[in-house]
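Below you'll find the structure, written out as structure tokens, and then a few comments.
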Amino acid sequence: MSTETAGPVDVAPPPGAPRPHRPASRIGLMIVSKYGTLIAMGIMIVIFGTSVPNGAFLTSNNLLNILNQSALTAIIAFGLTMVLVVGEFDLSIGYAASLAGVLVTGLLVNQGLALPVAILLTLLLGAAIGAVNGLLVTKARVNAVVATLGVGTMLIGLSYGYTAGSPIIAVPTSFTNITLGAFIGVQNPIWFMVIVLGLLWVLLNRTPLGQRIQAVGANTEAARLAGIRTDRVKVAAFVIAGVCAALTGILLASLLGSGTVSAGDGYLLDSFAAVFLGVATLRDGEFHIIGTLVGVLVVNVGFNGLSLLGTPTFWQFVFKGGILVLAVALSTVARRYAKT
């Protein structure tokens with residue numbers, strides 16, 4: 001019989017026993033890991049609120065302006081969130097928004113279609129783009145980055161082919177009023193953002209499809225063995241992203257009063273920055289709709305405050321990249337040390 005003694009064994013404390021004391025530093029790190037992005041936004045609000053002349057930052061008009069500036073980025077980022085939740089990437093969303101903008105204006109100006117018909121056809125185009133992305137990833141087994149980047153490049157070509165590189169102008173007033181109008185004092189883009197936020201939050205958190213999306217993202221093989229049709233779920237996530245991108249392109253064209261081939265391209269970086277900032281908000285490393293909204297607001301609060309302070313434009317882009325890296329890194333480090 002072996003005379004070796006067993007090493008120490010961790011024994012769970014009996015019921016009712018006091019929990020082990022956690023050092024204050026660990027508690028602080030746990031708070032930062034979950035609320036760091038919100039804390040950073042609060043700090044920015046305080047700094048800009050006290051440093052911008054005449055208190056212009058904290059006026060109701062400026063705060064509504066921040067929400068209005070955030071609306072289109074939030075809509076396209078909400079769609080991207082669904083794809084990232086399911087465990088894939090979509091690099092075509094900015095180019096899909098640009099194509100949607102030129103298509104909807106072209107259908108109105110060149111083809112003379114009614115506004116509801118033009119919008120519906122453009123949203124269907126977004127759904128089709130998402131479906132193509134999803135099928136390439138699930139059926140052709142093309143890497144999502146390669147597939148969506150390739151599709152996005154083709155969309156650039158289609159935009160130039162449709163417009164010959166020239167903006168489509170002279171759109172009807174009814175189209176521009178979609179974004180320039182307001183309801184009970186709140187600009188229409190904000191209402192669109194709220195509606196999409198509510199619909200996708202409910203879909204992701206309160207419907208069977210949303211539960212399947214989260215299950216596939218957590219463990220695709222386990223979801224498949226549980227009877228979930230993982231390919232269909234992934235295609236559905238890409239379709240949602242495509243529709244959100246198309247809606248963003250429509251609203252952007254309405255806001256600009258024209259269809260321009262590259263108008264929506266910049267939303268690719270903006271939406272990824274927002275979504276990954278959202279990962280560091282409220283949940284431990286999970287993509288979620290509310291976190292994405294917080295991420296969008298953090299970026300636009302910074303942009304707005306720097307603009308009111310008269311900061312050169314290049315610093316605004318430095319801020320966008322820096323806040324993304326800092327927030328995600330801080331959250332990751334804080335979670336790591338909080339669990340040690």
| task | May I ask for the angle, rounded to the nearest 10°, between helix 60-85 and the longest principal axis of the chain, with both axes built from Cα atoms and the value confined to 0 to 90°? | result | 70
| field | Of all accessible heavy-atom area on region 236-279, the percent that carbon and sulfur account for (1.4 Å) | value | 74
| In region 57-175, carbon and sulfur make up what percent of the accessible area (probe 1.4 Å)? | 70
| query | Around Phe272, with a cut-off of 12 angstrom between Cβ atoms, what is the net charge of the other residues, counting Lys and Arg +1 and Asp and Glu -1? | reply | -1
| query | What net charge do the residues around Cys244 carry, taking every other residue with its C-beta under 14 Å from that of Cys244, with Lys and Arg at +1 and Asp and Glu at -1? | reply | -2
| Net dipole in debye of the chain [+1 Lys, Arg Cβ; -1 Asp, Glu Cβ; about Cα centre; nearest 20] | 600
| said: Using helices alone, I'd like the mean residue ellipticity at 222 nm for the chain: each DSSP H run of four-plus residues gives -39500 (n - 2.57), total over residue count, nearest 500. | reply: -24500 deg cm²/dmol
| message | Could you give each residue of region 124-135 its phi-based ³J(HN,Hα) in whole Hz, using Karplus coefficients 6.51, -1.76, 1.60 with θ = phi - 60°, and x for Gly or Pro? | response | 5, 4, x, 5, 5, 4, x, 5, 4, 4, x, 5
| request: Please report the relative contact order for the chain, taking Cα pairs under 8 Å with a sequence separation of at least 6, and give it as a percent rounded to a whole number. | output: 34
| said: In whole Hz and in residue order, list the ³J(HN,Hα) couplings for region 91-106 that follow from phi through the Karplus curve 6.51 cos²θ - 1.76 cosθ + 1.60, θ = phi - 60°; x for Gly and Pro. | reply: 9, 9, 5, x, 6, 5, 5, 4, 5, 4, x, 6, 5, 5, 6, x
| field | region 93-251 - Kirkwood radius from inverse mean 1/r over Cα pairs (Å) | value | 17.1
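The values are calculated or read from the model by the stated rules, or taken from the named source; none is laboratory data. None of these values were measured; they are calculated from a predicted model. Positions of Cβ are backbone-derived with ideal geometry, glycine not excepted, and every protein chain shown enters the neighbour counts. These accessible areas exclude ligands, DNA and RNA; they are computed on the full protein's heavy atoms, side chains included. Shrake-Rupley method; radii C 1.70, N 1.55, O 1.52, S 1.80 Å.
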